[in-house]
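One structure is given below, encoded as structure tokens.
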Amino acid sequence: MKIAVVGTGYVGLVTGTCFAETGNTVTCIDIDELKIKKMRDGVIPIYEPGLDDIFSRNIKEGRLTFTNDLKRGVKDAEVIFLALPTPPGEDGSADLSYILAVADSLGGIIDEYKVIVNKSTVPVGTAEKVRKVISSKKVDNFDVVSNPEFLREGYAVKDFMEPDRIVIGTKSKKAQKVMSELYSPFVDKGSKIFFMDERSSEMTKYAANSFLATKISFMNEIANLSERVGANVDMIRLGIGADERIGSRFLFPGIGYGGSCFPKDVMALNHTADEFGYSFKILDAVMKVNKIQKTILVDKIKKYYIDGIKGKEFSIWGLAFKPDTDDIREAPALEIIKALIDEGANVRVYDPEATENVKKYFNESKGITYFDDAYKTIENTDALIILTEWAEFMSPDFSKIKNSLTEPVIFDGRNLYDIGAMRNKGFHYESIGREIVG
């Protein structure tokens, strides 16, 4: 099948590359000429494990091409995916200007039947808006479909190639047939495909991410209470996770959720509720809890250093909002670094992939120094702060850490280490929802 993907961000590039991998001919379209040139040269603009191999292979095989010419890119396409940004406004509403602008352009281009697919995360009613914009150009030989993505950064290729479900919103039998054919290689592998109306499909994505954000926030509240009552959240997590009604995933406490999806989608669903006159009280609480949780580690640090942290030198391991990605959108590390610097501390930071993005974010701010080696980062610093659970941090050289720090102090926002082991190694160790060691 011939496919066009408009937008080569995280979702668009993974979508286009994976469809090419199953034998389709895919054209990825973006307005950024420099980005297009780099991709033609085989340079991937994002970090995602496993993507580079299939990206290079499909370019070589001629199944994956790139252009900044929308008209040329969609001319022969049977299916056009819209994978465009929908950034949140201050009120939490999703900005649909990019999607609607492309829809307007498509209205002047389409001259034969095409299926136009919203792959971006969009609020309820967006398919209707896209349909209305295109129809205003006196075009009627098209269908608009909602097909939300459920990709986890760091596992996106696997999630796309081996999805646990595919959700497609359309009332058109013709569009359903096209989408069934397109996704047949994935359904044959045992994945479930759910056809529904467009509004239900759009709502499904927001409901899924908001539920997971709620689950994370609930566990963070349990962790905070556990510290006060003297319980161990690790044990609690195992105890409740064994209940099949609850499940073990998304029960790990920490310093709050971040990334491009959960924060934006919770806000957007809450905004939709407001628009329709419904007070979504749980989401209000989730957003409040997450905001507080992002800097709870700073509170622990300030409590430990009773004379203040001004002039202290802290080392930080982990900047991305999660491991196996360079994504720092809404990352707790950004809030924590800012809070420490505002208190007069200096920070030395290391991340395997996200450093360059953090440099752009802070734009030469004073008080922050970047390193490309984890152990050099901690030399002669007052404490180590762990903010992302990268695999390389799981079993470090604790003797080296202890000898490098001015005193053996670790603040762990991801609960990476065993309490008993840290006690035996002679560290002052503080984590989330567990007893303080030392």
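The values are calculated or read from the model by the stated rules, or taken from the named source; none is laboratory data. Everything numeric in this text was worked out from a predicted model, so none of it was measured. Glycine gets a Cβ as well: all are built from the backbone with ideal geometry, and neighbour counts include every protein chain shown.
So that you can scan it fast, the table gives a plain yes or no per residue for (1) out of contact with any Gly (no Cβ under 7 Å at 6 or more places or on another chain); (2) within 20 Å of K310 (Cβ to Cβ); (3) of a type in the set (A, V, I, L, M):
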site: I341; (1), (2), (3): no, yes, yes
site: K360; (1), (2), (3): yes, no, no
site: K366; (1), (2), (3): yes, yes, no
site: K400; (1), (2), (3): yes, no, no
site: S404; (1), (2), (3): yes, no, no
site: R414; (1), (2), (3): no, no, no
site: G438; (1), (2), (3): yes, no, no
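Can you pull out the residues in segment 9-30 that are outside any helix (DSSP H, G or I) and at pLDDT 95 or above? Walk me through it before giving the result.
Applying the first criterion (outside any helix (DSSP H, G or I)) to segment 9-30 yields 9, 22-30.
Once the filter is applied, which keeps residues that are outside any helix (DSSP H, G or I) and at pLDDT 95 or above, segment 9-30 yields T22, G23, N24, T25, V26, T27, C28, I29, D30.
For the criterion of being in the same structural domain as D30 (by TED's automatic domain parsing) and touching a helix residue (DSSP H, G or I) at 6+ places or on another chain (Cβ under 8 Å), D91 passes.
The residue of segment 113-157 that is nearest to L100 (Cα to Cα), among those that are among the polar types (S, T, N, Q) and buried (at least 17 other Cβ atoms within 10 Å of the Cβ), is T126. May I ask you to list pairs of residues, at least six apart or on different chains, whose Cβ atoms are under 9 Å apart, with the first in segment 239-268 being outside the structural domain of S217 (by TED's automatic domain parsing) and the second being surrounded by fewer than 16 Cβ atoms within 10 Å (Cβ to Cβ) and not hydrophobic (A, V, I, L, M, F, W, C)? Short answer, once both residue conditions are applied: none. When residues in segment 306-321 are screened for being surrounded by fewer than 20 Cβ atoms within 10 Å (Cβ to Cβ) and either in contact (Cβ under 8 Å) with a residue 40 or more places away in the chain or more than 25 Å from A223 (Cα to Cα) (or both), 6 of them pass.
Taking segment 245-278 as the range and being surrounded by fewer than 18 Cβ atoms within 10 Å (Cβ to Cβ) and more than 21 Å from F150 (Cβ to Cβ) as the test, the residues that pass are R245, A273, D274, E275, F276, G277, Y278.
In the set K38, K71, which member is free of Cβ contacts under 8 Å to residues at least 12 places away in the same chain, surrounded by fewer than 15 Cβ atoms within 10 Å (Cβ to Cβ) and either in the same structural domain as V6 (by TED's automatic domain parsing) or part of a helix (DSSP H, G or I) (or both)? From the options K38, K71, the qualifying one is K38. With respect to D91, is the statement that it is modelled with pLDDT under 95 and within 29 Å of the chain's Cα centre (by Cα) true? Taking the combined requirement at face value, the residue satisfies it. Scanning segment 406-426 for residues that are in contact (Cβ under 8 Å) with a residue 40 or more places away in the chain and surrounded by 18 or more Cβ atoms within 10 Å (Cβ to Cβ) yields a count of 5.
Scan segment 338-361 residue by residue and report those that are part of a helix (DSSP H, G or I), within 20 Å of the chain's Cα centre (by Cα) and of a type outside the set (S, T, Y). If you could, list the steps in order and put the result at the bottom.
Pass one, segment 338-361, residues part of a helix (DSSP H, G or I): 338-342, 355-361.
Keeping just the survivors that are within 20 Å of the chain's Cα centre (by Cα) gives 355-361.
Result: E356, N357, V358, K359, K360.
Tell me, which residue of segment 252-288 that is of a type in the set (V, I, T) and under 22 Å from K205 (Cβ atoms) is nearest to the chain's Cα centre (by Cα)?
Filtering segment 252-288 for residues of a type in the set (V, I, T) gives 255, 266, 272, 282, 286.
The next check asks that each one be under 22 Å from K205 (Cβ atoms); those that pass are 266, 272, 282, 286.
Values: V266: 13, T272: 21, I282: 22, V286: 17 Å.
Of everything passing the filter in segment 252-288, V266 is nearest to the chain's Cα centre (by Cα).
Would segment 91-98 turn up any residue that is outside any loop (DSSP other than H, G, I, E, B) and surrounded by 19 or more Cβ atoms within 10 Å (Cβ to Cβ)? First the steps, then the outcome.
If we filter segment 91-98 for residues that are outside any loop (DSSP other than H, G, I, E, B), which is where we start, we get 94, 97-98.
If we keep only those that are surrounded by 19 or more Cβ atoms within 10 Å (Cβ to Cβ) as well, we get 94.
Yes.
Of note, E407 does not satisfy the criterion of being acidic (D, E), in a loop (DSSP other than H, G, I, E, B), under 21 Å from the mean Cα position of the chain (by Cα) and not assigned by TED's automatic domain parsing to the domain that holds M219.
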